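Some notes on the structure that comes next.
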């Protein structure tokens with residue numbers, strides 16, 4: 001069971017990064033698609049950085065995922081709930097591993 005709680009939030013965070021990155025694929029029709037792609041992937045870069053932090057320290061990473069979900073909801077006025085819910089789930093799973101399942 002400890003193995004599941006170790007890998008589940010990490011795999012889900014990688015899936016979340018892939019899901020967010022798919023939204024950047026609409027830039028290939030634009031003339032400066034490389035610049036547009038780099039700009040559209042900024043949320044993915046932020047999630048990669050949070051995942052690296054969470055991989056090393058589950059408690060801090062879980063808090064960062066929860067904070068990111070809350071900030072996303074605040075800035076989009078609750079319109080990005082489909083993206084914030086997976087961030088909340090990943091954050092809670094990292095906190096569960098880092099805080100409650102210490103061993």
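The values are calculated or read from the model by the stated rules, or taken from the named source; none is laboratory data. Quantities reported herein were computed from a predicted structural model and do not represent experimental measurements. Note that each Cβ is placed from the backbone with ideal geometry, even for glycine, and that neighbours are counted across all protein chains shown.
So here's what we get for this one:
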item	result
Options 66, 25; residue that is surrounded by 14 or more Cβ atoms within 10 Å (Cβ to Cβ) and part of a helix (DSSP H, G or I)	66
Residue, farthest from the chain's Cα centre (by Cα), within region 31-56, restricted to residues that are within 14 Å of residue 10 (Cβ to Cβ) and loosely packed, with under 14 Cβ neighbours inside 10 Å	56
Pairs, first farther than 23 Å from residue 92 by Cα in region 33-55, second crowded, with 16+ Cβ neighbours inside 10 Å and modelled with pLDDT of 95 or more, C-beta under 7 Å, six or more apart	41/21
